[in-house]
Each structure stands twice: as C-alpha cells, then as structure tokens.
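Have a look at the structure below, then the notes.
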Amino acid sequence: MRAKKPLGSRADFPNVGAGDKVYETTKLGAVFDMLASHGIPAEAILRDVNIPLEDVHAPQARISLKQLMTVCRNARQLSIEPHLPYRIGASIHISTYGMYGYALLCCPDFRKAMEFAMRYHVLAAPLASIEFREDTGYAKWIIEPNLHALGDSALYRFVTEMQIGIHISLMRDIMGPGFAPSEIDLVYPHAQDFDLPSDHIRCAVRFEQPANQIVFKTEWLDRSADLGNKTTYPTILTLCDDLLEDLRLRVGVAGKIRAVLLRDIANPPSFETMAKLLGVNDRSLRRQLRQQGFSFRGLRDELRTHIALKYLRSTKLANEDIALALGFSDAANFRRAFHRWTNKAPSDIRDDSERP
C-alpha cells in the first residue's frame, strides 16, 4: 500500500515527452468528430497522425501529444470555420475525462476543483500548461500552449482558443450553464482566420495582452458545489493518484532522464553519468531507451528545442544568451543546432510570433 502523497505534489508528476504514447484519444476524437461533421474525409483529418481510423475512439488506444498537435494542425488547414477551435473545446465535457472529470464533480467546493484541475492536468492530455490564480475580487486561468505550438503562430492561437473552449465548457459543467467570464485576454493580435464566438463566451476579449487568461469574479467560487461530496472526494483522489502512477510507469526511464536533464540543461550529465544516477549500467539504460523508441541525445535535444522555442517566442533574449542557457559555446553553434532540430532559423520563430 502506497503512502498518501500531498495533493498533486509536483515532484511526483510524470515528465511526459511529446512523443510518449500514454494518453487516451479523447481530445483527438473531439477534433475528428467536429471535422467529420463538416464533411471532411477521415484520411485528411488523420494525415501524418499515424493512427488507424478504428483507434480514434478505441478505449485501449494511446496517443502522444505530438499526434494530438498534428491533428490540430490538420484541422487548422482543413476548415475555414472561424470558431472551429473554440467549438472543438466546447464539445468536451466533464464526462469526457473519466475519473479526472468525476473527481472535478466530487470536489467539495469550487476552489478545490480549481486546484485539482491544475494539479492533475497532466492526466488530461494537456496541449497547454494552465495556472489558476485568485486575487481580490477576481480569479483567472492562465493558459500557455506547449512545445509544438510555439513555433507556429496560427497553431498557437488554435490551441489557445481550443483550451479556452474546454475551460468554459468544464466551468459550466461544474458551476452551471450561467457561468460567464468577466473578460478573456489573449497575447496575440486579432486575426481573421478564427475567433471566439461572442454569443457563447458572453464577455469582452482583449488582444495583445501580457498573458492568455480567462478572468472571472471570485463570487463564482463562493457558490455551493451542489454535486460535491466530502466522503467520495478522498477516494476519487486516491484513484487519480493511481492514474498518475500508471502514467509514470508508461513514461518509464525516458521521463526520469528528462527530469534529471531539466535540473541543469546547460550542463547535462554524460550518458555514463546518467546511468549511474539512475542506478543502472550503460547497456541496460541503452536497451530501456531503445524499447521506448528514444535515444539519450534525442531526449536532450527535445528539451533544448522546447526551451529554445519558449525563449524565442516569449522573451527578448539575444541568441547569445539563449545559447549560453542551453549549454552552447556560442550563438553560431546554437543556430546550427536549432536549424537541425526544427528546420528553421531562430529569427523565423521571432518573426512568426510577431505576425497575426
């Protein structure tokens, strides 16, 4: 019997890579169903996703975040429906999320529901990081799309607006259909390809703001959680901890290596040192990685790519500073490596992030 851990202890969370096939197809299925309802052929929707049609809604199928991002990219290219990303998100409800969704309903009050949603978000095939904050009179959800959206401004907006749709849908499932934000802030300029439907979000939208966020009055959090259950909630919480443990086991040694590398990506340990840190010999570690479809260098480059994209899109750091932060001797070596990882120059990412 495992000792009970603090709610959502960050140190215990699995370090899931973009290529790890550990998630249910729930969100992929939502994208597929919305596009199929518009008459788009299945083969076009699933182009380069590398999943058979029969697995789209199969409960035993598992996909990666990279596959999920690919189907979102396809959706962006296949449909001209201006509210598509939001509508896809809004089609996802509490019932879609299984035990994670049931736990949200069972939370004894809405503040606990917000905390649970944030801390166990890794169970929900997250295309974005989310953070909940509460200030005087107002609360907010801050949303930041992950790795594979950072280098593509249109995909970044698609994922952001889909996540806003998911959030509003789940908040209305929990708090009632009357829930409406006070405002929605977006970091990017207003664009013409897709938009948030004003009749559904029922609030103002502000563009070119410091963060993507859904802002609402804290009085919503003070209302009675009619579906909450103080007796059931601890039991469901334990089951969610079990799901985290299962996720951790599926991620395996690759997740452990990522966790070590993230401690100091500028000075990563050698493969031999990593094996010693993990308590295995070189041959065993190499075999475990091969079984998961990874290499040590590939994992290191994956993390460096993620961090570089984040810096390039979200900061004004010079290439020299980013190179230093990632352990490169100079900016030229960083630029060559970045082109090898992404087939783009760092300047392409900065230019792309500044365009609508």
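Return yes or no: is ILE236 in the same structural domain as PHE116 (by TED's automatic domain parsing), of a type in the set (A, V, I, L, M, F, W, C), part of a helix (DSSP H, G or I) and within 25 Å of the chain's Cα centre (by Cα)?
yes
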*Tell me, which residue of region 148-176 that is surrounded by fewer than 20 Cβ atoms within 10 Å (Cβ to Cβ) and aliphatic (A, V, I, L, M) is nearest to HIS93 (Cα to Cα)?*
MET175
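Does ASN50 qualify as being in a loop (DSSP other than H, G, I, E, B), within 21 Å of the chain's Cα centre (by Cα) and without any contact (Cβ under 8 Å) to a residue 24 or more places away in the chain?
Answer is yes for this residue.
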*Scanning region 247-304 for residues that are part of a loop (DSSP other than H, G, I, E, B) and among the hydroxyl-bearing types (Ser, Thr, Tyr), which turns out surrounded by the fewest Cβ atoms within 10 Å (Cβ to Cβ)?*
SER270
*Inside region 159-182, can you point out the residues that are touching a Lys or Arg at 6+ places or on another chain (Cβ under 7 Å) and part of a helix (DSSP H, G or I)?*
GLY165, MET175
*Got at least one residue in region 34-43 being surrounded by 14 or more Cβ atoms within 10 Å (Cβ to Cβ) and either within 29 Å of ASP301 (Cβ to Cβ) or of a type in the set (Lys, Arg) (or both)?*
no
*Is there a residue being touching a residue at least 60 places away in the same chain (Cβ under 8 Å) and either surrounded by fewer than 16 Cβ atoms within 10 Å (Cβ to Cβ) or over 23 Å from ASP135 (Cα atoms) (or both) anywhere in region 177-184?*
no
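The values are calculated or read from the model by the stated rules, or taken from the named source; none is laboratory data. Computed from a predicted model, the values in this text were never measured in an experiment. Neighbour counts are summed over all protein chains in view; Cβ atoms, including those assigned to glycine, are modelled from backbone coordinates with ideal geometry.
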